[in-house]
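In what follows, a structure is listed as structure tokens, so that the remarks can point back to it.
The values are calculated or read from the model by the stated rules, or taken from the named source; none is laboratory data. These numbers come from a predicted model, not from an experiment. So basically every Cβ, Gly included, is an ideal-geometry build from the backbone, and we count neighbours across all protein chains shown.
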Amino acid sequence: MNNKYTFWQLCNSYDKIEVPIIQRDYAQGRSTPEVQRLRKKFVDEYLIKSILKDEAIELDFVYGSILIEIKEDEKRKIFIPLDGQQRLTTLFLLHFFIALKENRLNEIKNILQRFSYETRPSAHDFCKLLLEIRNIKDLSNIKSEIEDSVWFNDEWKKDPTVSGMLNMLQTLSKNENLINAPKGLLDKLIGENSNLVTFYFTDLDEFGLTENLYIRMNARGKMLTEFENFKSEFYKIIRYNHLLLEDVKDKIEYAWVDNLWDFRGENSYIIDSPFMQYLSFLTEMLYFKDAEFRAKQYESDFLDFRVLQEVYKKEDNLKFLIFSYDYMKEVKTYNESILWDGESLQSILKDILSGKRDTNQLYVFFSSLLYSFKDKPKENLNDFIRVVRNLIENTLDNSRREWPRLLSSLQNLISDDNVYQVLTRLDDESKLIGFNVEQRKEEVFKANLILEFKDYKELIFRIEDHRNFEGKIGNILLTPFVNSEEQFGENDLSSMIYKPKYFDLLEEIFDSYKQLANKDFNKIWGNMLTTGLYSQTYESRLVFSHLYREHPAILILAKKFAKSKLELNNYILKIQKEYILDLDKEYDDFSEIRNVKDQLYLYYILNERVFKLPLDNFFKNHNFNFGWLAKESGYKSLFSNGIDQCNSFPSKNPIFQVYNQQFRYNLGINRNNTIEIEVIGGTIKRNPFELLKKWAMENKK
């Protein structure tokens, strides 16, 4: 049973109110900027203001246990506050301060002495001696006067509870409205019929609740100041709907603590941090959902009460908030991987509650909340999430200025129908605006495929889920219809008409691709030197495309490999030999070759097949770009006529260097980045090109 009490009534109802050892220190008096800001809100702008204006306020619930102590045949009834300690301490200090201000401390100290701290001896002694003060010369400087008092032990400053109490007294002393208020304030608090500041009291023992359950109910510690002040302020924001207010009050103490319990810190009984992280996330997403597209500026503090007021004054947003905290219980059962690093909805929630900020995760999780909040078919949720993740992952500009438009577009995908049915009916230009245009088109194309060829839905999903594609599979979907890199640019995916035979070929290509992609394509990388994967620049460099994972050159190789029906090593051997034999038909002497891609590929095959050196002797230090420099002593090129389309070396050959990001011409040749074949006295053999030709002719059929 819940009973409404004032602090004075509670003190009069028990022989002692004892804050137990298990409790935390007094946190509402901490000096951190966040606590100072919230203390100003709670104490100055809420508590004191309400008292001065005779406006009744409620400070929520206080939970506790009742202990009956028998000493020398005298029975004493002791109240042990288990949740509400912070508010009770603040009220104790407020009563003390006002009584001191009105010279009535001696009148009420016997009752106030019933409030005691047992967390540390210093806190206990401080509370006791505080009530023995006879007078303060300057009430506005109460903190300094107490610290300078004979009875005050300087060691107490190290006690966070004592320090916090002093800070709270200082806050009270700096409130000019309180200091200048006429006498009579104390009667407002302790008068027989006074109900200005009340709270609901629940005896846990009455319900048979254990201390272990209390720990979970009261699983808020280091952030208790923020939490308690947040509740007071937030309740004022949402009191326009009494039913929803009461729902929040109830769940914030029970159900939501249980939902957040698994996400608390290790060896901790604190859930304030994940609670506030989740609140910040939800508020941020709701704020941007309704924000102006590309406004001049956006809010950044989503725990600011001004922002909370703006967002949750809308009843639908408040309902969404309540749903989202409730929904955590269901999210805990969602362990199926939905992102490319194995993340599930549950693991994404864990990241959000720990403060991790990844835009893709935020969008995926928030979209799942929106979908579920609108009570759409649960069996279609994963398909919906899949499309959302593909769109957001492959939209490069997903900065905050784009969020209002992106979030608005995502809501157009939410329907009672499956998301693929929705996609086929969408006007792409107006309904998914903000997302990458090509990805939008691809999602519509895949939606049509999935609806028409249900037996191949799982194949499309497997390809989408590959880490190298991350939902962008347009190129590999086109691969069954093309036979060269150039044809990728000449054909449009939407014009391709799929039939079962093309899906079968697609699956073979994908299986082959996975073999090629092993260890980030190391096995076949050197064989890509002559393809469009590499581009020659005017600055004497040959650089690879960083979009190599989905590059047409690799996909064409995967297709050819699939059709060969050979084991990978044998297939690589085959294409290398065919390449050498084709060059032999064109050139009498390989040293006369001027195409830089052919030069480097010949070096690569020599390195692997003739000199039998490992891969890292060619792509040294895992560097895959190439630059070239004038010859120096100790180095020699196997080529003689320069490099085609290179102004710096039109007729004489340079020395090749591998590099990663930036090629430094002014540093000269670096032995550590030089191809081993061009080092004099290293692995050079006589007539290496002739040896290469001989190798290519071996076992020729």
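Values computed for the structure shown
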read-out	value
Residue within the range 368-381 that is under 28 Å from I237 (Cβ atoms) and outside any helix (DSSP H, G or I) present	yes
Odd one out for D60, checked against (1) modelled with pLDDT under 90; (2) at negative phi; (3) surrounded by fewer than 18 Cβ atoms within 10 Å (Cβ to Cβ)	(2)
Conditions (1) under 47 Å from the mean Cα position of the chain (by Cα); (2) buried (at least 20 other Cβ atoms within 10 Å of the Cβ); (3) not in a strand (DSSP E or B): number failed by F639	(1)
E464, sole failed condition from (1) of a type in the set (D, E, K, R); (2) in contact (Cβ under 8 Å) with a residue 24 or more places away in the chain; (3) within 30 Å of N595 (Cα to Cα)	(3)
Boolean, N570 is part of a helix (DSSP H, G or I) and on the phi > 0 side of the Ramachandran plot	no
Subset of the range 152-194 (residues that are more than 21 Å from K53 (Cα to Cα), outside any helix (DSSP H, G or I) and at pLDDT 90 or above)	F152, N153
For K296: the one exception among (1) in contact (Cβ under 8 Å) with a residue 24 or more places away in the chain; (2) basic (K, R); (3) under 20 Å from R400 (Cα atoms)	(1)
Which listed residue, of V422, V387, is of a type in the set (A, V, I, L, M, F, W, C), part of a helix (DSSP H, G or I), touching a Gly at 6+ places or on another chain (Cβ under 9 Å) and assigned by TED's automatic domain parsing to the domain that holds T333	V387
Top-ranked residue of the range 655-673 - restricted to ones that are farther than 19 Å from F544 by Cβ and modelled with pLDDT of 90 or more, ranked as nearest to the chain's Cα centre (by Cα)	N672
Failed item, numbered, when L303 is tested on (1) under 20 Å from L260 (Cα atoms); (2) in contact (Cβ under 8 Å) with a residue 40 or more places away in the chain; (3) of a type outside the set (F, W, Y); (4) not in a loop (DSSP other than H, G, I, E, B)	(4)
So G681, is it assigned to a loop (DSSP other than H, G, I, E, B) and small (G, A, S)	yes
Verdict on I575 being part of a helix (DSSP H, G or I), farther than 23 Å from Q515 by Cα and among the β-branched types (V, I, T)	no
Any hit, the range 291-300, residues being outside any loop (DSSP other than H, G, I, E, B), touching a helix residue (DSSP H, G or I) at 6+ places or on another chain (Cβ under 8 Å) and not aliphatic (A, V, I, L, M)	no
Identity of the residue in the range 322-345, assigned to a helix (DSSP H, G or I) and more than 19 Å from the chain's Cα centre (by Cα), that ends up surrounded by the most Cβ atoms within 10 Å (Cβ to Cβ)	I322
The range 461-498: number of residues that are under 24 Å from I392 (Cα atoms), β-branched (V, I, T) and surrounded by fewer than 18 Cβ atoms within 10 Å (Cβ to Cβ)	0
Residue within the range 27-37 that is under 24 Å from I111 (Cβ atoms), assigned by TED's automatic domain parsing to the domain that holds P182 and either modelled with pLDDT of 80 or more or surrounded by 21 or more Cβ atoms within 10 Å (Cβ to Cβ) (or both) present	yes
Test: K446 is surrounded by 21 or more Cβ atoms within 10 Å (Cβ to Cβ), of a type in the set (K, R) and more than 17 Å from A562 (Cβ to Cβ)	yes
Single match in I80, I98, I70, I66 (criterion: of a type in the set (A, V, I, L, M) and touching a Ser or Thr at 6+ places or on another chain (Cβ under 7 Å))	I80
Filter pass, Y534 being without any contact (Cβ under 8 Å) to a residue 60 or more places away in the chain and either touching a strand residue (DSSP E or B) at 6+ places or on another chain (Cβ under 9 Å) or surrounded by 17 or more Cβ atoms within 10 Å (Cβ to Cβ) (or both)	no
Output for the range 499-517, where each listed residue is surrounded by 12 or more Cβ atoms within 10 Å (Cβ to Cβ) and not charged (D, E, K, R)	Y502, F503, L505, L506, I509, F510, S512, Y513, Q515, L516, A517
Matching residues, the range 624-636, being assigned to a loop (DSSP other than H, G, I, E, B) and at pLDDT below 95	A630, K631, E632, S633, G634, K636
Check on E379, in contact (Cβ under 8 Å) with a residue 60 or more places away in the chain, acidic (D, E) and within 23 Å of A447 (Cα to Cα)	no
Hits in the range 661-687 - residues which are more than 18 Å from V596 (Cα to Cα) and either among the small types (G, A, S) or touching a helix residue (DSSP H, G or I) at 6+ places or on another chain (Cβ under 8 Å) (or both)	G668, N672, V679, G681, G682, T683, I684, K685
In the range 280-320, residue surrounded by the fewest Cβ atoms within 10 Å (Cβ to Cβ) [restricted to those that are aliphatic (A, V, I, L, M) and out of contact with any Ser or Thr (no Cβ under 8 Å at 6 or more places or on another chain)]	A295
Hits in the range 523-565 - residues which are in contact with a helix residue (DSSP H, G or I) (Cβ under 6 Å, 6 or more places away or on another chain) and in a loop (DSSP other than H, G, I, E, B)	I524, L529, T530, T531, G532, L533
Among the candidates I473, I509, I497, residue that is more than 30 Å from L600 (Cα to Cα), in contact with a Lys or Arg (Cβ under 8 Å, 6 or more places away or on another chain) and not small (G, A, S)	I473
In the range 486-509, residue nearest to L557 (Cα to Cα) [restricted to those that are among the charged types (D, E, K, R) and in contact with a helix residue (DSSP H, G or I) (Cβ under 7 Å, 6 or more places away or on another chain)]	E508
